[in-house]
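See structure below.
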Amino acid sequence: MTNEYKSLEEVAEMLGVTYQLIYRLVRSGELPAVRLGRLYRVSGSDLERYLERSKQSTVGGTCSVCGTFYRSQDSLKNFCTEDGCEEPICFDCWTRLGVRRCAKHAQQQ
């Protein structure tokens, strides 16, 4: 791929996935994109890097708050803020719900 920019629709078509999936990846920050007005564009090099990271992080995990299983570690980048606790917290719980502690530590409060 070159450093040519593609629309989210073009990226989705190239990868054989839905536009909504690509949009969610961009909005969550997992797939870098440039926003021009109301449109997003993804560079070929950013798409290549994302795909390479996806290959390396195929070992999934479970969110310690909501219990959702994720096939990729990319969705489990945040961890419980209690000292020494390394329980993963998914992007949705961390960002949308504002949860910073795993279920075990939240009950101790």
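Every number in this text was worked out from the coordinates using simple rules, so none of it is lab data. Since this is a predicted model, take the numbers as computed values, not measurements. FYI the Cβ positions are ideal-geometry reconstructions off the backbone, even for glycines, and counts take in every protein chain you see.
Summary of computed values
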item: Entry for semi-axes √(5λ) of the Cα gyration tensor in Å (calculated from the structure that is shown) out of [x] 22, 15, 11; [y] 28, 19, 13; [z] 31, 14, 11; result: [z]
item: Modelled FRET efficiency - R0 22 Å, Thr18 with Leu97, Cβ distances, 0.05 increments; result: 0.35
item: Helix 19-28 axis, angle to the chain major axis (alpha carbon atoms, nearest 10°); result: 60 degrees
item: Between helix 44-56 and the chain: long-axis angle, C-alpha atoms, 0 to 90°, nearest 10; result: 40 degrees
item: Estimated [θ] at 222 nm from DSSP helical runs (n ≥ 4, -39500 (n - 2.57)) normalised by residues in the chain, nearest 500; result: -9500 deg cm²/dmol
item: Two-decimal log10 I(q)/I(0) for the stretch 8-65, as the Debye equation yields it once each C-alpha is a single scatterer, q = 0.16, 0.17, 0.22 Å⁻¹; result: -0.53, -0.60, -0.92
item: Neighbour-limited loop hits for GluC sites (Glu not before Pro), the stretch 7-109 (at most 15 other Cβ within 10 Å; DSSP other than H, G, I, E, B); result: Glu82, Glu86
